[in-house]
1. Looking at (1) modelled with pLDDT of 95 or more; (2) in a helix (DSSP H, G or I); (3) over 27 Å from residue 133 (Cα atoms); (4) in contact with a helix residue (DSSP H, G or I) (Cβ under 9 Å, 6 or more places away or on another chain), can you tell me which one residue 35 breaks?
2. Within the set of pairs 6+ apart or on separate chains, which have a first residue in the stretch 134-163 that is on the phi > 0 side of the Ramachandran plot and surrounded by fewer than 22 Cβ atoms within 10 Å (Cβ to Cβ), a second that is at pLDDT 95 or above and part of a strand (DSSP E or B), and C-beta atoms under 8 Å apart?
3. Counting only residues that are buried (at least 19 other Cβ atoms within 10 Å of the Cβ) and farther than 24 Å from residue 189 by Cα, how many does the stretch 83-98 have?
4. Spot the failing condition for residue 181; the list is (1) over 25 Å from residue 60 (Cβ atoms); (2) in contact (Cβ under 8 Å) with a residue 60 or more places away in the chain, and only one is missed.
5. Looking at the stretch 104-124, which of its residues are under 15 Å from the mean Cα position of the chain (by Cα), under 24 Å from residue 49 (Cβ atoms) and surrounded by 15 or more Cβ atoms within 10 Å (Cβ to Cβ)?
6. Filter the stretch 60-78 down to the residues that are in contact with a strand residue (DSSP E or B) (Cβ under 9 Å, 6 or more places away or on another chain) and either part of a helix (DSSP H, G or I) or within 24 Å of residue 186 (Cβ to Cβ) (or both) and list them by number.
7. Tell me, please, whether a residue that is surrounded by fewer than 19 Cβ atoms within 10 Å (Cβ to Cβ), within 20 Å of residue 134 (Cα to Cα), out of contact with any strand residue (DSSP E or B) (no Cβ under 7 Å at 6 or more places or on another chain) and modelled with pLDDT of 95 or more can be found in the stretch 186-195.
8. Looking at the stretch 95-130 only, could you name the residues that are in contact with a helix residue (DSSP H, G or I) (Cβ under 8 Å, 6 or more places away or on another chain) and assigned to a strand (DSSP E or B)?
């Protein structure tokens, strides 16, 4: 074959191969762009790397310990026994590698199915300072009640017990664990516990861990309610940071677990730019 013809045939073959590959290359670029724009990136980079994130947990548990120490010093012989009530997920147990997994999968909203699989693997870790403070409570005869809203079916309670035991938390049994599968209203459980105990503090990462009235779908109303209770924070209520999930999301979307849609991404963008400089 003439050399010129050979060159033309080779060039044509390369061109056809590149043309065939273009759709796939375009799809990969789209996926990579979506990964780079993932809504979870900044929040999870903070949770995974910031010393400030961990410091806020130590700060919260230091305050909890001080509240317990004050209550022990003031306790009368005929008063009710003392207790602390705590939320579980993102308060005592951190799920950083679950949220990291979502990002690696190109997902930017919570996913129930993968969460349930993750729960079964006992991969949660104790939040900074949690174990020390709960052990201090136990050693001083202060009861600990774990209150969580989870639903992994009939295995929910056993899975929660295994998760808490896996990191070594004290007093983990059905007497100290309250699991709400069909509701997130923890106030009813708190009232029941208060009948037999003086509750020193409530621990949570979500305002709804403290009072049901925060269960609102209006951002400004939640802000107003929080301001009305501002004297209780650091006293009755001890709050931990959670930028990835919680009822603050419900106030934005109208539901706590919004679908991963472009419409919801646009809603999130509008929430993030409620105040924005416009020079």
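The values are calculated or read from the model by the stated rules, or taken from the named source; none is laboratory data. No experiment lies behind these values; they were computed from the predicted model shown. Note that we place each Cβ from the backbone using ideal geometry, even for glycine, and neighbour counts take in every protein chain shown.
1. (1)
2. Close Cβ pairs (under 8 Å, with a partner that is at pLDDT 95 or above and part of a strand (DSSP E or B)) amount to 141/82.
3. 2
4. (2)
5. Start the filter on the stretch 104-124 by keeping residues that are under 15 Å from the mean Cα position of the chain (by Cα), which leaves 108-112, 114-116, 118-119, 123-124.
Keeping just the survivors that are under 24 Å from residue 49 (Cβ atoms) gives 108-111, 114-115, 118, 123-124.
Hits for the stretch 104-124 are 108, 109, 110, 111, 115, 118, 123, 124.
6. 60, 61, 63, 64, 67, 68, 70, 71, 72
7. Yes, because at least one residue in the stretch 186-195 is surrounded by fewer than 19 Cβ atoms within 10 Å (Cβ to Cβ), within 20 Å of residue 134 (Cα to Cα), out of contact with any strand residue (DSSP E or B) (no Cβ under 7 Å at 6 or more places or on another chain) and modelled with pLDDT of 95 or more.
8. Residue satisfying the conditions is 125 alone.
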